[in-house]
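The values are calculated or read from the model by the stated rules, or taken from the named source; none is laboratory data. Given the structure is predicted, the values throughout are model-derived calculations rather than measurements. Glycine also receives a Cβ, built like all others from the backbone with ideal geometry; neighbour counts cover every protein chain displayed.
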C-alpha cells in the first residue's frame with residue numbers, strides 16, 4: 001500500500017539550457033501542477049536575465065513560485081530555501097494541485113527531498129570574512145585551496161569562482177568539524193518527507209553546448225548588458241549578482257577591459273563548464289530518471305514523465 005503520509009513530488013532537474021522549464025510546464029498541464037523553482041539564482045529580485053527566469057510566454061499560464069522574491073543584498077541559504085519550498089509545496093497540495101519542483105541547483109533539490117543537517121548552522125561573521133577573501137582572483141584561489149585541504153570532494157565539485165558555495169563548504173567544516181561531503185553522505189541515508197520522482201532531459205553533450213550558446217545569445221537579445229550595467233552601479237548592494245555567470249564577463253567588457261565579443265565567448269565557456277558540474281552532480285544521484293530529449297518535444301517528454309508517475313503511484 002502507498003504511504004499516505006508522503007506526497008508524491010515530481011522533480012524536473014538537469015543542467016542549464018536542457019529544457020527543464022518547458023518540460024515542467026508541459027507536465028503541469030498534464031497533471032494539474034504548479035512549478036516550484038529550485039534555482040539558487042532565480043530566487044533573487046532584479047536579476048531576471050542573468051538568472052534566466054522564465055518569461056510569461058515560457059511559463060505558459062502555469063503558476064511559478066519562489067522566483068525573484070529575495071533581495072540580492074540578503075544572504076539566502078539552502079536551509080531558508082528548504083523552509084520556503086516545503087511551505088510552498090504544502091500550500092499547492094492543499095489546493096488539490098500537484099507541486100512540481102524544477103531547477104538545476106542540486107543542493108536545493110536535495111534540501112527539499114532529503115534531510116540536510118549541515119544547512120542548519122551558520123555564522124554570518126565567518127561567512128562574510130570568507131566572502132570578502134574571494135573578491136580577488138588570488139583570494140578565490142586561496143579559498144578553493146583551503147576547501148581542497150579539508151574537503152577535496154567538494155573542492156572537485158565546486159569551481160574556484162563559485163565563492164558563495166566554496167565559502168559555505170568551508171564554513172560548514174569549521175562549524176561542525178564534518179565536511180559537507182560527509183554531511184551529504186549521511187543525509188542521503190535518512191528518509192525524506194516526500195516520495196520524489198526526479199527526471200532530467202538527456203542531451204548529447206555537443207547538442208547541449210549548442211543550446212547553451214543559443215541561450216547566451218538570447219540573454220543578450222533580452223537585455224543582459226543593460227541589466228549588468230544597472231547592477232554594476234551598486235555592486236555592494238548586489239553581492240549575489242557578482243557570483244552569477246555572465247556578470248563578471250559582461251562587466252569586464254563594460255569597463256573596457258575586454259571586447260564584448262571576448263566577454264560573450266568567456267560567458268559561453270563558463271556556462272558550459274557549469275553545465276558539466278551540474279551533470280556530474282545529477283549523474284551521481286541514482287534517483288534521477290534520464291529521458292532522451294533530442295528529436296522530442298517537451299510535450300512528448302512530459303507524457304513519458306506523467307506515465308512514469310502514474311505507474312509508480314499505482315504500484316506503490
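Among helices (runs of 4 or more DSSP H) entirely within segment 199-316, having at least 1 residues that are outside the structural domain of residue 153 (by TED's automatic domain parsing) and under 30 Å from residue 8 (Cβ atoms) singles out 205-221, 260-283, 298-315. Quick one: would you say residue 144 is within 22 Å of the chain's Cα centre (by Cα), modelled with pLDDT under 90 and outside the structural domain of residue 288 (by TED's automatic domain parsing)? The answer is no for residue 144.
Selection of segment 290-305 for residues being crowded, with 16+ Cβ neighbours inside 10 Å and touching a residue at least 24 places away in the same chain (Cβ under 8 Å) yields 291, 293, 298, 301, 302, 305. For segment 46-66, the tally of residues that are part of a loop (DSSP other than H, G, I, E, B), in contact with a strand residue (DSSP E or B) (Cβ under 9 Å, 6 or more places away or on another chain) and more than 21 Å from residue 225 (Cα to Cα) stands at 3.
Yes or no, residue by residue, for (1) out of contact with any strand residue (DSSP E or B) (no Cβ under 9 Å at 6 or more places or on another chain); (2) within 24 Å of residue 41 (Cβ to Cβ):
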site: 147; (1), (2): yes, yes
site: 166; (1), (2): yes, yes
site: 177; (1), (2): yes, no
site: 188; (1), (2): yes, no
site: 193; (1), (2): no, no
site: 201; (1), (2): no, yes
site: 204; (1), (2): yes, no
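Scanning segment 93-114 for residues that are touching a residue at least 24 places away in the same chain (Cβ under 8 Å) and in a loop (DSSP other than H, G, I, E, B) turns up 96, 97, 103, 104, 105, 114.
The set of residues in segment 1-30 that are assigned to a loop (DSSP other than H, G, I, E, B), in contact with a strand residue (DSSP E or B) (Cβ under 6 Å, 6 or more places away or on another chain) and modelled with pLDDT of 95 or more comprises 13, 14, 18, 19.
Rundown of residues vs (1) assigned by TED's automatic domain parsing to the domain that holds residue 294; (2) within 20 Å of residue 165 (Cβ to Cβ); (3) surrounded by fewer than 24 Cβ atoms within 10 Å (Cβ to Cβ); (4) within 14 Å of the chain's Cα centre (by Cα), yes/no style:
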| position | (1), (2), (3), (4) |
| --- | --- |
| 31 | yes, no, yes, no |
| 36 | yes, no, no, yes |
| 60 | yes, no, yes, no |
| 77 | yes, yes, yes, yes |
| 91 | yes, no, yes, no |
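Within segment 141-154, residues that are closer than 16 Å to residue 176 by Cβ sit with their Cβ atoms under 9 Å from residues that are surrounded by fewer than 17 Cβ atoms within 10 Å (Cβ to Cβ) and modelled with pLDDT of 90 or more, at 6+ positions apart or across chains, in these pairs: 150/174; 154/148. Scanning segment 162-197 for residues that are crowded, with 18+ Cβ neighbours inside 10 Å and in a loop (DSSP other than H, G, I, E, B) yields 162, 179.
Filtering segment 147-160 to residues that are touching a helix residue (DSSP H, G or I) at 6+ places or on another chain (Cβ under 6 Å) and surrounded by fewer than 19 Cβ atoms within 10 Å (Cβ to Cβ) leaves 148, 150, 153, 160.
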